[in-house]
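> Provided herewith is a single structure, encoded as structure tokens, for subsequent inquiry.
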Amino acid sequence: MSFVQADREELAMELDLQRKMLRDMLLARAFEERVAQEYAQGNIAGFLHLYPGEEAVGVGVLHAAEPADYVVSTYREHVHALVRGVPANNVMAELFGRKTGCSGGMGGSMHLFNRERRFMGGYAIVGETFPIATGIGYAIAMRELPEVVICFFGDGAVNQGAFHESLNMAALWKLPVLFVCENNHYQIGTEIHRHSAVAEVYKRACSYRIPARRVNGMDVLAVHQATEEALAQIRVGNGPQFIECETYRFRGHSMADPGSYRPKVELQAFEKNEDPVKIAIAEVVYPSAEQITAVGRDNIANLTESLRSGGHFPAEHVDVMQADVAAEVEEAVRFASESPEPTLDDARAALDCNRQGEVLV
Amino acid sequence: MNDKVYYWQALNRSLDVEMAADESIIVLGEDVGLYGGSYRVTEGLYAKYGEWRLRDTPISEGSFTGLGVGAAMVGLRPVVEIMTINFALLALDAIINMAAKIPFMSGGQFPMPLVVRMPGGVAKQLAAQHSQRLEQTLMNVPGLRIAVPATPQDAYWQLCQAINSNEPVVLLEHELLYFSKGELDESRQAPPMHRARVCRQGSDLTIVTYSRMRDLALQAAMQLADTGIEAEVIDLRSLRPIDWDSCIASLEKTHRLLIVEEDSGFAGAGAEITAGLTERCFLIMDAPPQRVAGKELPIAYNAALEAASIPRVADIVSAAQQLCRP
């Protein structure tokens, strides 16, 4: 194989990855917006935490992971589950509380699980993901497997004792854990400068000698690249790594939160200039505004030609993708609403998965 | 072989037997490895099984118990030792919110083969923060099982069963029992983990008890026999679930119920036992059930006050005599 060929194949793979990530970004946004509508119509209840604004983090991180890796997540985890490959039908059905949901209707929005995809759950007590991921990492390290566990958490969670206890153990025993902070700058309604003595979250990992860095969490390619580098370090046995993704949520903390503690201009600025979905589209679609500026209007035709032969694709393709994910979400809603409710017997069976058939008094 | 062994030795033997048979069993806790366990329960195992299977942890009860939960989700069978039950308050999130709920919340996808062992109870002048009994806190949690072995044989059996169970099991061990001796026959067939045992036959009243209070109840029963009262003594062995059938069978014979517990009585284990048996046996009871329980006080450092804060043999004898008064 010549170098040229190798480069071409590499480029093709890269573009393929970019498209897959873009599709997941679009799916994430469409799914969550539909979920908000279904909540408003009363089809989804309880506490509901949505992801718009933060898509580049989940998509970028999880596309860098292997299928054999484990994922431990928070209560804002619909998109993590989707990107991990849990079918949209089963995620939506779980939000509807149906038997066909990925947790059989027992967990709901905050507790999505899928054993097959090694999606080890969404946890609704802030900070619980640290010890659980550390325990999974312990099992991997003890068995000397090449797997990694990815631990998601928000900026608020680093103030819990479990953060420090778990990072200490993960570093002490060189466990294969990737800690990913989704720093959206708000611990529910408290801005990070009001809840943390150290506003740069990644610096907190330094006290445990865990290599840590901060990336632009609105740029899916940057997140993906940082994750790839961190995972490579973990897989050669160097112990845990830490990535802080700076991001922003476009909605309130949950559907019960209007988000009135944030300045309107702040939200508007992020929506206008930092929307991760728009940024991702700009990175994949040709020609981008920057490219046009760089080559000048007269050369657009040439630029277009070269980008096309390089595998980039035109804006219309994004529309096709949008229609595709819209259909997937529509189908998920249909599947969820037509699925049966779980029974009390199903609830008992869920608990008795432990029982090995033993009959108690 | 019927050897007399210490309670701690029986637990040690159980761990050794199970760890030799199954490489997925690990022990986590403070000083469980090199040190050998603060009550010697893991003595000798570190040298035999190595640091990954006998892990000395930092003093981080919440997170090393949670670590056990995570490890259990991917197929290890962790036995977490919490140095004393008093520190388990820091691990309640892992025990209650994680271990008990993950199998359920996941719709049955993740069984939880986790054992949490914790020494507890009132020992010798350890003062209020080291003299707790938390059974009532844990009994109210669906998804947990609670075993309370009172003898070396039960300690051996129930720890083996807990390790082999896919349910999260809390083993409440009593600090004063570690250096008590009893028979251990490893070849004997174990009864189910939750089965209660009649330790003494009697016809006049049923004393239902568990853990260290079993010994006091048996002593009281001997004294009562001298005054013409024959007490049947039931050691519950398990607080969740409770073996109602064994208790009912006894009450059908005696018609009188006395509960003896070391923990404070208010909203405690004895309250549940009273309610459960009253619902089931009200019409065959000749007298209202009575409880002998710890006083509604934190435990004092002062030796006399400490002794007065929990049931003594004389308290049990006197309550039984009152209950049997015609």
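Since every read-out is calculated from the coordinates, none of them should be taken as a lab result. These figures come from a predicted structure and were not determined experimentally. Here the Cβ is made from the backbone with ideal geometry for all residues, glycine too, and neighbour counts use every protein chain on show.
> For chain A, evaluate the Debye formula with one uniform point scatterer on each Cα (no solvent term) and list log10 I(q)/I(0) at q = 0.07, 0.13 Å⁻¹, rounded to two decimals.
-0.32, -1.09
> Using Cα springs under 10 Å in a Gaussian network model of chain A, which residue among A:G259, A:G217, A:G97 shows the largest mean-square fluctuation?
A:G259
> Counting only DSSP beta bridges with both residues in the protein assembly as shown, what percent are antiparallel, rounded to the nearest 5?
That works out to approximately 20 percent antiparallel.
> Okay, moving on. With a/c under 1.5 counting as rounded, go ahead and sort region B:3-184 into rounded, prolate or oblate using the C-alpha gyration tensor (a ≥ b ≥ c being the square roots of the eigenvalues; past the cut-off, prolate if a/b is larger than b/c, else oblate).
The shape class here is rounded.
> Mind giving me the nanometre distance, one decimal, between the label points for B:D3 and B:V17, set 7 Å out from Cα along Cα→Cβ?
Distance between the two pseudo-spin positions: 1.2 nm.
> Take every DSSP beta bridge whose two residues both sit in chain A, then give the antiparallel share in percent to the nearest 5.
Of all bridge pairs located within chain A, approximately 10 percent are antiparallel.
> Taking region A:1-74, which GluC sites (Glu not before Pro) meet the DSSP loop condition and have no more than 15 other C-beta atoms within 10 Å?
Of the GluC sites (Glu not before Pro), not one in the loops of region A:1-74 has a Cβ with at most 15 other Cβ atoms within 10 Å.
> Which of B:Q322, B:A293, B:F282 sits farthest toward the positive end of the charge dipole of region B:197-324, with +1 on the Cβ of Lys and Arg and -1 on the Cβ of Asp and Glu?
Towards the positive end, the residue furthest out is B:A293.
> Could you list B:S246, A:S207, B:S187, A:S166 so that the one with the fewest beta carbons within 10 Å of its beta carbon is first and the one with the most is last?
B:S187, A:S207, B:S246, A:S166
> Could you list the residues of region B:7-34 with an amide nitrogen less than 15 Å from a label point located 7 Å from the Cα of B:A47 in the Cα-to-C-beta direction?
Under 15 Å, as judged by backbone N against the label point of B:A47, lie B:33-34 of region B:7-34.
> In the protein assembly as shown, if the dipole is taken from +1 on Lys/Arg beta carbons and -1 on Asp/Glu beta carbons about the Cα centre, which of A:G217, B:S309, B:M19 is farthest to the positive end?
Farthest towards the positive pole: B:S309.
> Moving to a separate point now. Could you work out how far helix B:213-226 tilts from the main Cα principal axis of chain B, as a 0 to 90 degree angle to the nearest 10?
Its long axis makes an angle of about 20 degrees.
> How large is ³J(HN,Hα), in whole Hz, for each residue of region B:192-201 in order, when computed from phi with the Karplus curve 6.51 cos²θ - 1.76 cosθ + 1.60 and θ = phi - 60°, using x for Gly and Pro?
x, 4, 9, 6, 7, 10, 7, 8, 8, 7
> On to the next question. Got a sec? How would B:D235, B:D56, B:D245 order by Cβ neighbour count within 10 Å, fewest to most?
Taking fewest neighbouring Cβ atoms as first place, the list is B:D245, B:D56, B:D235.
> While we're here: Would you pull out the residues with amide H under 5 Å of A:R214's amide H, same chain only if 5 or more places away, H placed 1.01 Å from N?
Amide H to amide H, under 5 Å and 5 or more residues apart or across chains, A:R214 pairs with A:E244.
> Rounded, prolate or oblate for region A:138-289? Axes are the square roots of the Cα gyration tensor eigenvalues, ordered a ≥ b ≥ c, and the cut-off for rounded is a/c under 1.5.
Because a/c hits 1.5 or more and a/b fails to exceed b/c, region A:138-289 counts as oblate.
> Return the FRET efficiency for the residue pair A:S207, A:R235: r is the Cβ-Cβ distance, R0 is 22 Å, and the value is rounded to the nearest 0.05.
In this case the efficiency is close to 0.35.
> Looking only at B:L114, B:L236, B:L277, which one moves most when chain B is put into a Gaussian network model with springs between Cα atoms under 10 Å?
Top of the fluctuation ranking is B:L277.
> For every other residue with a beta carbon closer than 12 angstrom to the beta carbon of A:M25, add +1 if it is Lys or Arg and -1 if Asp or Glu, then tell me the sum.
Summing Lys and Arg as +1 and Asp and Glu as -1 gives -2.
> Further question on the same structure: Order of B:T65, A:T190, A:T227 from fewest to most other C-beta atoms within 10 Å?
A:T190, A:T227, B:T65
> Just to confirm the number: angle between the C-alpha axis of helix B:313-324 and the first principal axis of chain B, 0 to 90 degrees, nearest 10?
Taking the Cα atoms of chain B, the angle to B:313-324 is about 50 degrees.
> Here is a further query. Which angle from 0 to 90°, rounded to the nearest 10, does the C-alpha axis of helix B:244-254 make with the longest principal axis of chain B?
Long axis of B:244-254 versus the principal axis of chain B: about 20 degrees.
> In debye to the nearest 20, how big a dipole does region A:3-348 give about its Cα centre with +1 on each Lys and Arg Cβ and -1 on each Asp and Glu Cβ?
I would put it at about 840 debye.
> For the protein assembly as shown, list log₁₀ I(q)/I(0) at each q in 0.05 Å⁻¹, using the Debye formula over Cα point scatterers of equal strength and ignoring solvent, two decimals each.
Log10 of I(q)/I(0), two decimals: -0.30.
> How about region B:51-133: which GluC sites (Glu not before Pro) there are in a DSSP loop, with at most 13 other Cβ atoms within 10 Å of their Cβ?
In loop regions of region B:51-133 (DSSP not H, G, I, E or B), the sparsely surrounded GluC sites (Glu not before Pro) are B:E51.
> Moving to a separate point now. Taking a temperature of 25 °C and a viscosity of 0.890 mPa s, what whole-number D in µm²/s does Stokes-Einstein yield for chain B with Rh from Kirkwood over alpha carbon pairs?
122 µm²/s
> Relative to the compact globular guide of 2.2 N^0.38 Å, what is the alpha carbon radius of gyration of region B:197-324, as a ratio?
Scaled against compact globular proteins, the figure is 0.99.
> Then there is this: Counting other Cβ atoms within 10 Å, keep those with at most 16, restrict to DSSP loop, and tell me which trypsin sites (Lys or Arg not before Pro) in region B:278-326 are left.
Listed in order of number, the matching sites are B:K295, B:R312.
> Round to the nearest 0.05 the FRET efficiency obtained for B:Q189 and B:Q322 when R0 = 45 Å and r is the Cβ-Cβ distance.
The value I calculate is 0.70.
> Starting from the Cα of A:A68, move 7 Å in the Cα-to-Cβ direction to define the label point; list residues of region A:140-176 whose amide nitrogen is under 17 Å from there.
Taking a point 7 Å out along Cα→Cβ of A:A68, the residues of region A:140-176 whose backbone N falls under 17 Å are A:140-150, A:176.
> Pick out, from B:G202, B:L76, B:Y35, the residue whose Cα sits farthest towards the positive end of the charge dipole of chain B, with +1 on the Cβ of Lys and Arg and -1 on the Cβ of Asp and Glu.
Highest projection toward the positive end goes to B:G202.
> Also: Run the dipole for the protein assembly as shown about the Cα centre, Lys and Arg Cβ at +1, Asp and Glu Cβ at -1, nothing else charged, and hand back the magnitude in debye, nearest 20.
Computed about the Cα centre, the dipole is about 1220 debye.
> How much FRET efficiency would the formula 1/(1 + (r/R0)^6) give for A:A326 and A:E144, where r is the Cβ-Cβ distance and R0 is 41 Å, rounded to 0.05?
0.35
> Among A:A162, A:A349, A:A81, determine the one that fluctuates most according to a GNM of chain A built with springs between C-alpha atoms less than 10 Å apart.
A:A349
> Could you work out the helix-only [θ] at 222 nm for the protein assembly as shown, with each DSSP H run of four or more residues adding -39,500 (n - 2.57) and the total divided by the number of residues, to the nearest 500 deg cm²/dmol?
That comes out to -13000 deg cm²/dmol.
> Under a point-charge model restricted to the Cβ atoms of Lys and Arg (+1) and Asp and Glu (-1), what is the dipole moment magnitude of region A:244-302 relative to its Cα centre, in debye to the nearest 20?
Here region A:244-302 has a charge dipole of around 260 debye.
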